[in-house]
1. Restrict the check to the range 22-35 and report whether at least one residue is small (G, A, S) and within 13 Å of C132 (Cβ to Cβ).
2. Does S223 qualify as being at pLDDT below 95 and within 17 Å of I8 (Cβ to Cβ)?
3. What is the one condition in (1) in contact with a Ser or Thr (Cβ under 6 Å, 6 or more places away or on another chain); (2) among the hydrophobic types (A, V, I, L, M, F, W, C); (3) closer than 21 Å to V133 by Cα that A18 does not satisfy?
4. Over 29 Å from A171 (Cβ atoms) and in contact (Cβ under 8 Å) with a residue 12 or more places away in the chain, is that true of G374?
5. Do we have any residue at all in the range 429-437 that's more than 28 Å from T73 (Cβ to Cβ), among the hydroxyl-bearing types (S, T, Y) and either modelled with pLDDT under 95 or in a loop (DSSP other than H, G, I, E, B) (or both)?
6. Any residue at all in the range 132-150 that's hydroxyl-bearing (S, T, Y), surrounded by 16 or more Cβ atoms within 10 Å (Cβ to Cβ) and either at pLDDT below 95 or assigned to a helix (DSSP H, G or I) (or both)?
7. Run I91 past the list (1) surrounded by fewer than 24 Cβ atoms within 10 Å (Cβ to Cβ); (2) among the β-branched types (V, I, T); (3) in contact (Cβ under 8 Å) with a residue 40 or more places away in the chain and report the number of the one that doesn't hold.
8. Look through G92, G81 and report the one residue that is in a loop (DSSP other than H, G, I, E, B) and more than 18 Å from F337 (Cα to Cα).
Amino acid sequence: MVNYGFVIDNRKCIGCHACTVACKSEHDVPIGVNRTHVKYIEKGTYPDVTREFSVHRCNHCEDSPCTTICPTTALFTREDGIVDFDDDRCIGCKSCMQACPYDALYIDPNKGTAAKCNYCAHRIEHSYEPSCVVVCPVEAIISGDLDDPNSSISGYLNEHETIVRKPESGAKPNVFYVETSEESLDPHATERSGEYLWTDQAAGVGHFAKYAERRSGAADTPSMIVQLALEKKAKAAAPRDRAIIHDVMSRLEEEAGKPKRSYDQPSKGVLWGWEVSAYVVTKAIATGTYLLAMALMLSGMLEMTDGMWWRLVIGCTAFLGLTGVLLILDLDRPERFVYVMLRPNWDSWLVKGAYLLGGFGGVLACSGAVLLFGLDRIYLEYLAYAGVPLALLTGVYTAWLLKQARGRSWSEDGLLEAKMIFEMVVVGAGGVLLMASPGILSMLIFAILMAVVASHAHGTVIKPQLETLH
């Protein structure tokens, strides 16, 4: 069995970016995003300083989390171990970007679909090396079959001690590094300044490129102007100003000996924004209200009148419908949303969640039909026995989806399910109150509880995305 991988020899890499340029040329990669890039780390104090270069790209993992979470199998592992992608199946949900521990994927700003290094599979199929390997002037990139004991890459691995990026992720990466420092591979070993020389893409990277025009001024960085102003001011400064400048210089000296990340690819920013945090809230309202109302009814603690039934069904259906709209709005290819149903990857909780949403919506639709046609109310109780577990699973499944995003701290959060249930119960209580006793006070209480849940959901969704991955 063939199993392709890379070895990056950091003893040889000179940081020339030939691999980056060759990759962009080979695959016509748009400006602002890269399939392979070089990271710079600087260490020491003048004059004893060193700079280390590290080539980063898709690790073609044996247990690739991006292929597991992808709802339409747009990302898949070939028989030769290459993790490849299919533009025609991608819906632009960005789940793969959240799942990748190595931040190797991006949204193509021209196509709205995910892309990454695919090992130049089209070249491999014709017995050619990947373009980055061919152009490297110092042969710092070695490719080949890891399972072939006679291949050059296997010999390299046998003769050298190598390490991989983020082994704790469990992804089993197939990109190995020779003599690479922890600071180069660990994203938390050096601080990310946010902007680097030649990489400032604050106006829009990948998924956010479509917003670049309306944020054209965001890329203007004042750092150079500030630096020049300080230097000029220091020459003829008042005592108070000199004290401020002295304080700044002292802090710079304190940081001088620490490893510094001087060049890296731009951050892709928050991928799941307000649409996702809002969908968590609207879903919690629909499922939590139905769940609590039916639990109270089945336990004999609440007698449901026709008016209450209508308010419950209409309200839950409206918020569930809004949930679906928000999910579609978040896609970079929203016209392909049906692919989740038509081309499902059953390993993805995004697919399972879509069917749970559909099942719960079906219960609400059937309940509405019972009310509309004046059928025996016992059918509403029968539907509740199916609706309660469906509502619970619909409300909680997002936690399991987030846990599939192994690139983020969601995957290590053992309380995610509890957080989702908490949101359902809190906002559901407000929904039941509004259903049972509609009025201004009930609406006010419901609005307050919804605001509390919205703030909680926003923090749950957004905060882990602010962590650097590379």
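1. yes
2. For S223, the condition - at pLDDT below 95 and within 17 Å of I8 (Cβ to Cβ) - is not met.
3. (1)
4. The answer is no for G374.
5. yes
6. Taking every residue of the range 132-150 in turn, none turns out to be hydroxyl-bearing (S, T, Y), surrounded by 16 or more Cβ atoms within 10 Å (Cβ to Cβ) and either at pLDDT below 95 or assigned to a helix (DSSP H, G or I) (or both).
7. The failed condition is (1).
8. G81
The values are calculated or read from the model by the stated rules, or taken from the named source; none is laboratory data. Keep in mind it's a predicted model, so treat the numbers as computed, not measured. Methodologically, a virtual Cβ is constructed for each residue, glycine included, from the backbone with ideal geometry; neighbour enumeration extends over all protein chains shown.
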